[in-house]
């Protein structure tokens, strides 16, 4: 029996690490958003896969959540002097991973195989599965036109107003065949951004149906606590999309898929409203500052649904 | 009026720097071997162009002649830990140049335009012209089969026996149209490896004829002094190709093109034999240890032919 955890980058990876500390490698599989992926300098950058990889390998930068701890920036410094593009910060050690991935691609591997090789090289034993090996590219519709996700997210610091998100290529992307839908005990939707981290995963044809057919509990953890995003632009996006930035709205967003929902202690008064939607609810502390917080939340989520 | 200098990497770049100190940017143009170029991690590496660029920018590593001074190796160190290919040593700051070149290629530039942009970014005012923007790839025939040049030269440290050199793609490569053949005062063949640095340049269709049609002196400086290569595997290659590793044999190699030949002081007794081939000769100190040596030799070569 297996728990499947759907996750994006920094926010979701916190709970992912907690889950990996609680469940053995044969009990837990991660399905990761690749809608943020892009080509930069001819290299394939997979920000969410990379963040999860670094997090599980415990080499992630604790200050940012992305990139590596103990990083140096000599390539970027020189690139800047050469007039190159430096808006996407690639540390020297991080860059090595992208170069290695490029070699693995050149050897004929897809993203799943390359991710496994890189994770293995970093000592990770849990399986990290990109949602698809085919390109799905999140596009942000703004009043000024469409932006590639990393241009919106990193280069433009989420400043443009987000009118809608589209997942270019999703309609023809093949669901990662390595995802073990057959023996699922539970699905955990990590506290990632619902619109740009989890929705791209769910946009892969067959994903929703396969998750629902599993017939197991599907539990979501809200990335919105007390009306604000724990991390990143989720609350700003929700306001721009015309919905209140509340845990109740996150619950509604997942209503067609989730069966269970974790409400943060801060939002305890919203529990009844979430339950009224037809979701099983529990209360937990979902803001994870320490490793203990991650493990404690992982245990609470699993106790809730298993 | 212009002097054209044909050069490969480290050995030739020494004289190239001397020439650049003596002649103004409108008096001197470099035509550089690209037979060593290869794709690595999806990046275009142009070792001879890069070495000349770093040399003229005076950021080259004085210990090796290639790469940058004041370099760090964090990318390579991490790549090694990830099981990646590290036989071709790419320093962190060097790598930035290759990333930048890739962006320039992605913008639609060819190697000539990208080289100019990178040189400009490093403050170089002399023109560095790749022999062609089209791919020419030196292949080394060995008893074990053909090797791509960098595999032979760097990965295998020139250990395989070289039976012959081939320049794949040369027959369809277009001569760099930016080379100013019209107003040449002299052509200098720098003391680069005749077989793998200068011959690829001469293999581009039209190059030999254009140089000869210029009707100006063509002066070669031997990379073999006292029966040994000043730098690199030239002497070993000559032995394997069945010719003596002497300055006389280098002169014979260039006989169909050169009009003038610089004999090192150490090889003064070969001067008559070189002259007997029909070449104008002079004696100079061609081993360049210091910047002054480079400038002195540049002045001597120019005084010889101008």
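Here residue A:236 yields copy-to-copy label distances, from shortest upward, of 5.7 nm, the label point defined as 7 Å from Cα along Cα to C-beta. Measure nothing but the geometry: give the 0 to 90° angle between the long axis through the Cα atoms of A:111-121 and the longest principal axis through the Cα atoms of chain A, rounded to 10°. Result, in degrees: 80.
How many angstrom lie between the Cα centre of segment A:52-78 and the Cα centre of segment B:280-306? Using only Cα atoms to place each centre, the spacing works out to 50 Å. Under 16 Å from a point 7 Å along the Cα-to-Cβ line of residue A:1: which residues of segment A:270-306 have their amide N that close? What the label zone holds, given the 16 Å backbone N cut-off, is A:299-306.
GNM remark for chain B: springs join alpha carbons under 10 Å apart, and the peak mean-square fluctuation among B:232, B:83, B:67 falls on B:83. Applying 1/(1 + (r/R0)^6) with R0 = 56 Å to the Cβ-Cβ distance of residue B:87 and residue B:265, what FRET efficiency is obtained, to the nearest 0.05? So the FRET efficiency works out to roughly 0.90. Neighbour counting of Cβ atoms within 10 Å sorts the residues B:216, A:190, fewest neighbours leading, into B:216, A:190.
Starting from the Cα gyration tensor of segment B:129-252, multiply each eigenvalue by 5, take the square root, and state the resulting semi-axes largest first in whole Å. Could you put the intermediate results ahead of the total?
On the way: eigenvalues 133, 77, 23 Å².
After scaling each eigenvalue by five and taking roots: 26, 20, 11 Å.
Mind pulling the angle between the C-alpha long axis of helix A:47-56 and the longest principal axis of chain A? Nearest 10 degrees, somewhere in 0 to 90. The helix A:47-56 is inclined about 70 degrees to chain A.
Residue of chain B with the smallest Cβ distance to the axis mapping B onto A, distance rounded to whole Å: B:42, 2.
Which angle from 0 to 90°, rounded to the nearest 10, does the C-alpha axis of helix B:291-305 make with the longest principal axis of chain B? In chain B, helix B:291-305 runs at an angle near 50 degrees to the longest axis. Counting beta carbons within 10 Å around each of A:133, B:293, B:26 and listing the fewest first gives the order B:26, B:293, A:133.
A viscosity of 1.306 mPa s and a temperature of 10 °C, combined with the Kirkwood radius over Cα pairs in Stokes-Einstein, give a translational diffusion coefficient for chain B of 81 µm²/s. Each residue, residue B:146 and residue B:282, gets one label point 7 Å from its Cα in the Cβ direction; the gap between the two is 4.1 nm. Suppose we keep just the DSSP beta bridges with both residues in chain B; what percent of those would be antiparallel, to 5? Here the share of antiparallel DSSP bridges comes out near 40 percent. Here the protein assembly as shown carries DSSP beta bridges of which approximately 40% are antiparallel, counting only pairs with both residues inside. Secondary structure note: in segment B:165-300, about 15% of the DSSP beta bridges are antiparallel.
Reducing segment A:237-255 and segment B:229-265 to their Cα centroids gives an inter-centroid distance of 76 Å.
Between identical copies, the spacing of residue B:168 label points, each set 7 Å from Cα toward the C-beta atom, reads 3.4 nm from nearest to farthest.
Computed extension gain for residue B:291 through residue B:182, at 0.36 nm per residue and net of the alpha carbon distance, reaches 36.1 nm. Distances from residue B:255 to itself in the other copies, using label points 7 Å out along the Cα-Cβ axis, amount to 9.2 nm in increasing order.
Between residue B:21 and residue B:164, what's the calculated FRET efficiency when r is the beta-carbon distance and R0 is 25 Å? Round to 0.05. The computed FRET efficiency comes out at 0.10. Ranked for footprinting exposure by Cβ neighbours inside 10 Å, fewest first, B:81, B:100 give B:81, B:100.
Values quoted throughout were computed directly from the atomic coordinates according to the rules given, and no laboratory measurement underlies them. Note that the structure is predicted; figures quoted are calculated from it, not measured. Here the Cβ is made from the backbone with ideal geometry for all residues, glycine too, and neighbour counts use every protein chain on show.
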